[in-house]
Amino acid sequence: MGGVLPLIGKRLLLGLGTLLVVSIIIFGAVELLPGDIAQQILGQSATEETVAALREELGLNRPSYIRYFEWLGGAVQGDFGVSLANQRSVAEQLGPRFANTLFLAGLAAVISVPLAIGLGVLAALYRNSVFDRVANAVSLVSISSPEFFLGYILIVYLAVQNQIFPAISNVTPDMDFIERLYRTMLPAITMALVVTAYMMRMTRAAIINLLASPYIEMARLKGVPNSKVITRHALPNALAPIINVVALNLAYLITGVVLVEVVFVYPGVGQLLVDSVTKRDFPVVQACCLIFAATFILFNLIADVGAILSNPRLRHPK
Amino acid sequence: MISFVIIYYAFLILACCVAAYYKYRTALLILFTLLCVSLISGLLGGADVLVNITIFVALLAAAAGLSYSFRESLIQVLPPEGAKLMRTAPLTAAFGLLVIIAYIIAAVFAPVIAPFGEAEVVGSSFAPPDDVMLLGGDQLGRDLFSRLIYGARNTVGIALLTTAIAFIVGTLAGLVAASMGGWVDQVLGRIVDTLMAIPQLIFALLLLTIVGTSVINLILVIALLYSPLIFRLARAVAGNIVVMDYIEAARLRGESTWYLITQEVLANITAPLAAEFGLRFCFVFLAISALSFLGLGIQPPTADWGSMVRENATLISFGATTPLIPAAAIALLTVAVNFVVDWMLHISSGLKE
């Protein structure tokens, strides 16, 4: 494993660096506002004195790089400042919502990952068959549909016409696990539909790529039965691309929650983000963006590290 | 209802037997799966589910028949070269073409087709469908059908414009990076890496908070966020071209970088770029619809499919499906473009089944 640690270390550093640059962008973008936050809050009609007073109160008089480091330092410790809209601590609002979002994304992942890998492998093994074509067409349609379309279709059929699930997923902290699971099911299925389609197509492509390699042909030529070719030769080597596919799609999942949360009025980070964008509540928007970006980068990092770990050539360098 | 169920199953079983007798393996498999699915869902959901399945299958068959006749008539009408191309087209591609043409007609002739104006209040709010308003009214009593037609013009037009801007910026930057190399390539590459490190929808929300929501801002923000992907492709395919001998020859002739980019490189990468344009259009279209749905994209009273879904979403909780139609219009166009892009990729890769 000696050769692989520096590689992973390099990746981690690169990911940390990317996160730093992203945080600069997120902070700097707000600095680019015409005027500044104080001007934005008070509007055009505010007098010069009130704007100056608010500027003093928010500490906007100091140079931006000092405020950036203060903001970053606070963010690392879980302090994202105070919301402009209701003067409450951003972290306080964000905490339970982030847990909700993770629960939703996790549930969607639990549904979609086994389904997608199973279907993808099957589609690759029986490629160009009826099953493959139907799976391809269905996944294409579900990728092409906006998330809110799928969500509302599910609401119409599973919540309004047949009252199986609730149309609005209002979870509260004091709910027990089963109740929470029941209320989160529809949004989770919606997200799982999209992600399963992506993951299935990518798994299928990865496996087909693999089955075309010479050692598979060799195994077939020496007379190994088909099932054994798959289990002994193909699947162990398919691990790397599949880990990659899963991690990339989980990264997509965590950011794809925004639309689904709005459709189902689910109290997660995505909905908070959209509300704050409409209210132009900058500290909350910055915090949400940083959280989403960090999760996104983290999963991309996992994909990279997974690819390194599952590649024997990198694990045992010559 | 009972006679419908009996006829439904009798027909399916008969079709299965016919397929089995004539050894149509694929047809038998599909029919038998359909039979099993209908048995289970019929037991669970009653006869209504069977009616829905029948409608769905009939729609599929109608679409297939329509695209078949469309393809065959195109083969007859087009000049020999086009006819040859169409003959190789799968049914899905013909269907995609048909849908795209229908959307273009709707967009161009919107004022002629739509019975009412885009923002014209016709009846009461949420009026049920009747002879005057084909799909009923929306939350302000405007005609949903007319707004749907105008939406083709607004939503698709804005998405096309955005994709075009993203494409021009991305391709130009990619070609410059590929043909100049060195530090220009490095700097552009790093900028693109950072832009792509933030998820696009989140980044779009951040930027729209800052610049405010308007159509121009929307177009510029989305174009900025989607150009890195095009940059990457353009850079990659152009990278293969710039090492060719004829580029070397052109350099030695003393041609300018601009000449190299436009005359030598661009001419050789049009096929992958055209397919990429279709794919990117789908993503941009979905992103703009998503933002409009969130109320941050195209602003009222402009008719737009994303915001139409949002405005009429309350109807859905009463079991009405009309608010789903604009969303279905988005999905249909994306599927159609994907079908055509698949076919184009197939042609340009030179694969033969």
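Across chain B, the relative contact order, built from alpha-carbon pairs under 8 Å that are at least six residues apart, equals 17 percent. Defining a contact as two alpha carbons under 8 Å apart and six or more residues distant in sequence, what relative contact order in percent does chain A show? Once normalised by length, the contact order is 27 percent. Per-residue shielding of B:294-305, expressed as the average number of other chain Cβ atoms within 10 Å of the residue Cβ, stands at 2. Between the amide H of B:PHE116 and those of B:SER146, distances stay under 5 Å, these residues lying 5 or more places away or on another chain, with hydrogens modeled in the peptide plane.
Based on the convex hull around the alpha carbon atoms, chain B presents an average projected area of 24.4 nm².
Rounded if a/c is under 1.5, else prolate if a/b is larger than b/c, else oblate: which is chain A, with a ≥ b ≥ c the root eigenvalues of its Cα gyration tensor? Oblate.
For B:GLY136, the residues 5 or more places off, or on other chains, whose built amide H falls under 5 Å of its own are B:ASP130, B:LEU144, B:PHE145. Karplus-derived 3J(HN,Hα) values for segment A:145-159, using 6.51 cos²θ - 1.76 cosθ + 1.60 with θ = phi - 60°, are 7, x, 4, 5, 5, 4, x, 5, 4, 4, 4, 4, 7, 9, 10 Hz; glycine and proline are entered as x. Once backbone amide H atoms are built at 1.01 Å from N, A:VAL82 has A:VAL90 as its partners under 5 Å, excluding neighbours fewer than 5 places away on the same chain.
Here the alpha carbons of segment B:267-320 define both size measures, Rg and Dmax, at 16.1, 55 Å. As a test of the formula, what do you get for chain B when each DSSP H run with n ≥ 4 contributes -39,500 (n - 2.57) and the sum is divided by the residue count, at 222 nm and rounded to the nearest 500 deg cm²/dmol? Using -39500 (n - 2.57) per qualifying helix, the result is -24500 deg cm²/dmol.
Sorting B:LEU201, B:LEU74 by the number of Cβ atoms found within 10 Å of their own Cβ, with the fewest placed first, yields B:LEU74, B:LEU201. Comparing B:GLY42, B:GLY189, B:GLY137 in a Gaussian network model of chain B (Cα springs below 10 Å), the most mobile by mean-square fluctuation is B:GLY42. Each other residue within a Cβ distance under 10 Å of B:PRO323 adds +1 if Lys or Arg and -1 if Asp or Glu, for a net charge of -1.
Of A:ARG62, A:ARG127, A:ARG183, the residue with the greatest mean-square motion in the GNM of chain A, using alpha carbon springs below 10 Å, is A:ARG62. Please find, in a Gaussian network model of chain B (springs between Cα atoms separated by less than 10 Å), the residue of B:SER38, B:SER179, B:SER73 whose mean-square fluctuation is greatest. So, out of B:SER38, B:SER179, B:SER73, the one fluctuating most is B:SER38. Applied to segment B:89-103, the Karplus parametrisation 6.51 cos²θ - 1.76 cosθ + 1.60 on θ = phi - 60° returns per-residue 3J(HN,Hα) values of 6, x, 4, 4, 5, 4, 4, x, 4, 4, 5, 4, 4, 4, 5 Hz, with x for Gly and Pro.
All C-alpha to C-alpha distances of the protein assembly as shown, sorted into 20 Å bins beginning at zero, yield P(r) values of 15, 48, 32, 5, 0 percent in whole numbers. Expressed as a whole percent, the proportion of Cα-Cα pairs in segment B:149-295 lying more than 24 Å apart is 38%.
Going from the residue with the fewest nearby Cβ atoms within 10 Å to the one with the most, B:LYS84, B:LYS23 rank B:LYS23, B:LYS84.
Shielding value for A:137-146 is 6, the average number of Cβ atoms from other chains within 10 Å of each residue's Cβ.
Mean residue ellipticity, 222 nm, helices only, chain A: the sum of -39500 (n - 2.57) across DSSP H runs of n ≥ 4, divided by residue count and rounded to 500, is -24500 deg cm²/dmol. Using θ = phi - 60° in the Karplus curve 6.51 cos²θ - 1.76 cosθ + 1.60, the 3J(HN,Hα) couplings for segment B:262-275 round to 7, 8, 9, 7, 4, 4, 9, 10, 5, 4, x, 5, 5, 5 Hz; x is entered for Gly and Pro.
Read the figures in this text as sums done on the coordinates, not as results from a lab. Please read all numbers here as calculations on a predicted model, not as lab measurements. We place every Cβ from the backbone using ideal geometry, glycine too, and count neighbours over all the protein chains shown.
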